[in-house]
Ligand SMILES: Cc1cc2nc3c(=O)[nH]c(=O)nc-3n(C[C@H](O)[C@H](O)[C@H](O)COP(=O)(O)O)c2cc1C
């Protein structure tokens with residue numbers, strides 16, 4: 001059974017909750033799912049990883065949540081090149097923060113692209129100003145993502 005890793009960047013647990021809510025959708029599609037709330041670079045460079053989902057919220061002024069900072073540092077310091085990685089990205093933020101809306105997710109997307117990774121489909125940006133329950137946006141998006149990208153393996 002292939003593995004799908006969900007790498008989470010969160011301050012208050014909202015992005016982790018989204019990861020937990022979408023997990024069964026991937027299990028139903030035939031994946032063993034690992035949710036990583038203290039991710040490290042090795043989680044996406046191992047041989048068994050060619051598909052990942054990032055659930056990352058933004059803090060400060062467009063900053064990465066603390067639990068996600070070591071992962072980004074490793075990625076930037078080691079610049080491993082990720083040509084085999086295909087990924088999806090759910091960015092969470094709040095448009096009342098203006099220019100830094102979903103800043104962490106957007107920055108992560110740039111960093112992954114610079115490493116040669118391929119994003120499958122557009123990034124989902126969930127705006128806390130518009131969507132009270134992030135799951136309401138994340139669940140249908142993931143369902144559509146699995147189907148449109150032909151990710152079902154079972
Ligand atoms: C102190 C603080 C700073 C924030 N800064 C930003 C920001 O710069 N840009 C943004 O889009 N959202 C910002 N947010 C909103 C959060 O990203 C949003 O509420 C998100 O859903 C929190 O997810 P979490 O529960 O996974 O931490 C901020 C929230 C807090 C409390």
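Values in this text are rule-based calculations from the coordinates and carry no lab data. In this text the structure is predicted, and so the values were computed from the model without any measurement. Glycine also receives a Cβ, built like all others from the backbone with ideal geometry; neighbour counts cover every protein chain displayed.
Given the conditions (1) within 13 Å of the chain's Cα centre (by Cα); (2) assigned to a helix (DSSP H, G or I); (3) farther than 20 Å from residue 17 by Cβ, and given that residue 141 satisfies all but one, which numbered condition is not satisfied? Against the list (1) within 13 Å of the chain's Cα centre (by Cα); (2) assigned to a helix (DSSP H, G or I); (3) farther than 20 Å from residue 17 by Cβ, residue 141 comes up short only on (3).
Based on this model, can you work out whether residue 136 counts as within 16 Å of the ligand (Cβ to nearest atom) and touching a strand residue (DSSP E or B) at 6+ places or on another chain (Cβ under 6 Å)? Spell out the reasoning first.
Numbers: within 16 Å of the ligand (Cβ to nearest atom): yes; touching a strand residue (DSSP E or B) at 6+ places or on another chain (Cβ under 6 Å): no.
Answer is no for this residue.
For the stretch 69-96, the set of residues classified as buried (at least 18 other Cβ atoms within 10 Å of the Cβ) and within 10 Å of the ligand (Cβ to nearest atom) consists of 91, 92, 93, listed by residue number.
Please determine whether any residue of the stretch 123-130 is out of contact with any helix residue (DSSP H, G or I) (no Cβ under 8 Å at 6 or more places or on another chain) and free of Cβ contacts under 8 Å to residues at least 60 places away in the same chain. No: zero hits. For the stretch 2-38, a tally of residues being on the phi > 0 side of the Ramachandran plot and more than 16 Å from the ligand (Cβ to nearest atom) returns 1.
Of the helices (runs of 4 or more DSSP H) that lie entirely inside the stretch 1-111, those containing 3 or more residues that are in contact (Cβ under 8 Å) with a residue 12 or more places away in the chain and touching a strand residue (DSSP E or B) at 6+ places or on another chain (Cβ under 7 Å) span 14-28.
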